[in-house]
1. Roll a 1.4 Å probe over the protein heavy atoms and report the accessible area of Glu88 in Å², nearest 10.
2. Rounded to the nearest percent, how much of the accessible area of the chain (1.4 Å probe, protein heavy atoms only) is carbon and sulfur?
3. Measuring with a 1.4 Å probe in the full set of protein chains, what accessible area per residue, in whole Å², belongs to the chain?
4. May I ask you to work out the translational diffusion coefficient for the stretch 5-249 at 4 °C, viscosity 1.567 mPa s, via Stokes-Einstein with Rh from the Kirkwood sum over Cα pairs, reported in whole µm²/s?
5. At a 1.4 Å probe radius, which order do Ser215, Ser175, Ser91 fall into by accessible area, largest first?
6. In whole Hz, what ³J(HN,Hα) sequence does the stretch 204-218 give by Karplus (6.51, -1.76, 1.60; θ = phi - 60°), x for Gly and Pro?
7. Restricting to DSSP loop positions (anything but H, G, I, E, B) with no more than 15 other Cβ atoms inside 10 Å of their own Cβ, which trypsin sites (Lys or Arg not before Pro) remain in the stretch 124-186?
8. Can you sort Met42, Met1 by solvent-accessible area, 1.4 Å probe, largest first?
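The values are calculated or read from the model by the stated rules, or taken from the named source; none is laboratory data. Everything numeric in this text was worked out from a predicted model, so none of it was measured. Heads up, the Cβs are rebuilt from the backbone with ideal geometry, glycines too, and the neighbour counts pull from every protein chain shown. Surface accessibility is based on the protein's heavy atoms, side chains included, excluding ligands, DNA and RNA. Shrake-Rupley method; radii C 1.70, N 1.55, O 1.52, S 1.80 Å.
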Amino acid sequence: MSPSYQALAAVGAAVGAVELIEQLGLGASAGEGKRPRLVAAMIASADGRAAVDGRAGGLGAPADRAVLRELRANVDAILVGPTTLIDERYSTLLDADHRERRIASGLPAEPIAATISRRLDPQLAQLQLFAQQDQRIVVYTESDQQIEARGAELTVSRSEPGKLTLASCLEDLYSNHGVRTLLSEGGPTLLRALAADQLIDDLIFTVSPLLVAGSAPTLLSGEAFEPPLGLALENVWRSDDFLFLHYTRQR
Ligand SMILES: NC(=O)c1ccc[n+]([C@@H]2O[C@H](COP(=O)([O-])OP(=O)(O)OC[C@H]3O[C@@H](n4cnc5c(N)ncnc54)[C@H](OP(=O)(O)O)[C@@H]3O)[C@@H](O)[C@H]2O)c1
């Protein structure tokens with residue numbers, strides 16, 4: 001049975017994940033300047049923890065996974081931190097239904113998978129993602145470490161030490177890979193860096209009905225922002241006990 005989403009507004013009708021993501025208007029996005037529109041999607045427990053036993057899966061449910069897949073199906077690329085790619089064991093991004101839908105609307109079967117890493121952990125190339133035949137992968141790095149795909153179509157973009165920036169990666173995705181919409185699936189270190197550079201346009205934040213405690217990261221990891229960065233709440237949905245919050249950057 002498909003998950004349903006009840007808007008909290010008095011007029012809110014239940015919608016499916018397709019309609020929920022349609023409301024973001026990703027198809028009409030052009031990005032800002034020479035960079036794609038960037039949507040960040042994260043899940044945390046009610047006490048703010050972004051992982052259970054080192055992975056996000058323990059926080060999720062079918063309703064959350066449906067939203068994430070739908071987001072992936074509607075963007076040109078995803079941007080994921082190398083630690084998340086490894087910890088979450090990234091493999092196929094979409095199921096057959098989504099792939100067929102993308103192909104029918106003239107898009108490549110899968111969004112590009114991009115990552116940024118100064119060090120270039122050798123474990124990256126061992127991921128199943130790098131063995132997917134029709135997966136395009138773009139790696140931004142400062143390292144001269146070699147990395148090879150085992151089936152995927154891999155582009156490695158190397159910068160001189162100290163020159164790698166998120167803004168330059170986003171501009172490269174926009175200019176050289178035709179990326180107009182970009183989904184960042186975290187993790188918290190990458191999200192903090194994106195937020196610090198004012199590169200997050202939308203945040204889809206799922207609140208999972210769990211209390212986790214412990215020392216797992218929250219949505220953003222790293223030094224505190226002084227002052228904190230403001231968000232504007234655009235919409236709220238619920239599906240069973242899960243909350244889905246759509247924020248945009250306060251300008
Ligand atoms: N709840 C959720 O929705 C969710 C989502 C994603 C991940 N997670 C969890 O978060 C954890 C992993 O997150 P994480 O914060 O440790 O790692 P991460 O954000 O996935 O990756 C961190 C790495 O990204 C690279 N990086 C980040 N910003 C950079 C920049 N400005 N320039 C160059 N490289 C940059 C660095 O790699 P180098 O060190 O190689 O330079 C850095 O060590 C896992 O437990 C995962 O399960 C949860």
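1. So the heavy atoms of Glu88 present about 50 Å² to solvent.
2. On the way: 6200 of 12320 Å².
The value for the chain is 50 percent carbon and sulfur by accessible area.
3. Ligands and nucleic acids excluded, the figure is 49 Å² per residue.
4. Details: Rh = 18.5 Å.
Taking Rh from Cα pairs, D becomes 70 µm²/s.
5. Working: Ser215 110, Ser175 65, Ser91 40 Å².
My answer, sorted largest first, is Ser215, Ser175, Ser91.
6. 9, 10, 9, 9, 8, x, 9, 10, 10, 6, x, 10, 4, x, 8
7. Values: sites: Arg136, Arg150, Arg158, Lys163, Arg180; in loops: Arg150, Lys163, Arg180.
Hits after loop and neighbour filter: Arg150, Lys163.
8. Details: Met42 20, Met1 230 Å².
My answer, sorted largest first, is Met1, Met42.
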